[in-house]
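> This is the structure I have questions about; it appears just below.
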Amino acid sequence: MTERRLLLATTNPGKVREIRASFKGLGLRIVGLAEVLPGLSFRERGRTFLENARAKSLYYSRRWDGLTLAEDSGLEIEALDRAPGVISARFARPRPSDERNNRKVLRLLAGVPAGRRRARFVCVMVLSERGRVIRTFRGEVRGTIAAEPRGTNGFGYDPLFFYAPLRRTFAELSEADKSRVSHRGRAARKTRAFLEEKGRARAVRRRALP
Ligand code: ITT
């Protein structure tokens, strides 16, 4: 029996680490873009996480014969009218980096009091196969933007994202603890449950074959 493969269609190593951990033991071989579609890149143009995640997932799934999972995610800050949102990765143009993006957030929030620094992370995952969307999954988590970066784990805006129930920024959490509460962890668990169900249905169909 051939092992079923799932393409994790993201160029972000932080996402790859977290999603791989969430899918451990799932019984699918998880492959990355560099392995099966080297050299391809997708440019995001959508206005919502869903639009971007769908377009990304379909772009790669049309070029490869198997399950494809892409996700679009980002940080929405209430006091900034939900910026950076879909441009989270590219916020500090023209040369964005995690550090510059974080500095820009702090600059824009200078003088904004603790009570008005509410934010949320959003993650939309889209599972597709051969150019067709199979299902979408969403996760989000609420927090506040800290006055200064804290912690060295994770990636992106994690050092600024303060999660009150654990009294830590996401960059102060272990990967496992972050995953239990994060937008990506939540979306990944829904995706995993769906894939497990789909795997069971597939096994039943196989057994029913004459
Ligand atoms: P792909 O499109 O290749 O997946 P990307 O990093 O460009 O990689 P996005 O367009 O979805 O992906 O941008 C997501 C950005 O949102 C990411 O680069 C971070 O800046 C931020 N972000 C998302 N999830 C995060 C998390 O768990 N912790 C910190 N920052 C996060």
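The values are calculated or read from the model by the stated rules, or taken from the named source; none is laboratory data. Fair warning: this is a prediction, and the values are worked out from it, not measured in the lab. Virtual Cβ from ideal backbone geometry, glycine too; neighbours counted across all protein chains shown.
> Yes or no: residue 99 within 14 Å of the ligand (Cβ to nearest atom), outside any strand (DSSP E or B), closer than 20 Å to residue 173 by Cα and among the acidic types (Asp, Glu)?
yes
> For residue 79, all conditions in the list (1) outside any loop (DSSP other than H, G, I, E, B); (2) within 14 Å of the ligand (Cβ to nearest atom); (3) in contact with a Lys or Arg (Cβ under 7 Å, 6 or more places away or on another chain) hold save one; what is the number of the exception?
Residue 79 satisfies every listed condition except (2).
Each row is one residue, and each column tells you yes or no for (1) hydrophobic (A, V, I, L, M, F, W, C); (2) in contact with a Pro (Cβ under 6 Å, 6 or more places away or on another chain); (3) at pLDDT 95 or above.
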position	(1), (2), (3)
71	no, no, yes
78	no, no, yes
83	yes, no, yes
90	no, yes, yes
112	yes, no, yes
128	no, no, yes
139	no, no, yes
156	no, no, yes
163	no, no, yes
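> Can you confirm whether residue 180 is away from the ligand (no atom under 11 Å from the Cβ) and either in a strand (DSSP E or B) or farther than 17 Å from residue 14 by Cα (or both)?
Answer is no for this residue.
> OK, next. I'd like to know if the range 64-76 contains one or more residues that are among the small types (Gly, Ala, Ser) and in a helix (DSSP H, G or I).
No, because not a single residue in the range 64-76 is among the small types (Gly, Ala, Ser) and in a helix (DSSP H, G or I).
> Check off (1) within 17 Å of the chain's Cα centre (by Cα); (2) away from the ligand (no atom under 11 Å from the Cβ) for residue 152 and give me the number that stays unchecked.
(1)
> Separate question: If you take the residues in the range 155-177 that are charged (D, E, K, R) and closer than 16 Å to residue 12 by Cβ, which one is nearest to the ligand (Cβ to nearest atom)?
The extreme case among them is 158.
> If you don't mind, another one. Mind telling me which of the residues 173, 106 ends up being closer than 13 Å to residue 77 by Cβ and in contact with a helix residue (DSSP H, G or I) (Cβ under 8 Å, 6 or more places away or on another chain)?
106
> If you don't mind, there's one more thing I want to ask. Tell me, yes or no, whether the range 85-95 has at least one residue that is surrounded by 15 or more Cβ atoms within 10 Å (Cβ to Cβ), more than 10 Å from the ligand (Cβ to nearest atom) and in contact (Cβ under 8 Å) with a residue 40 or more places away in the chain.
no
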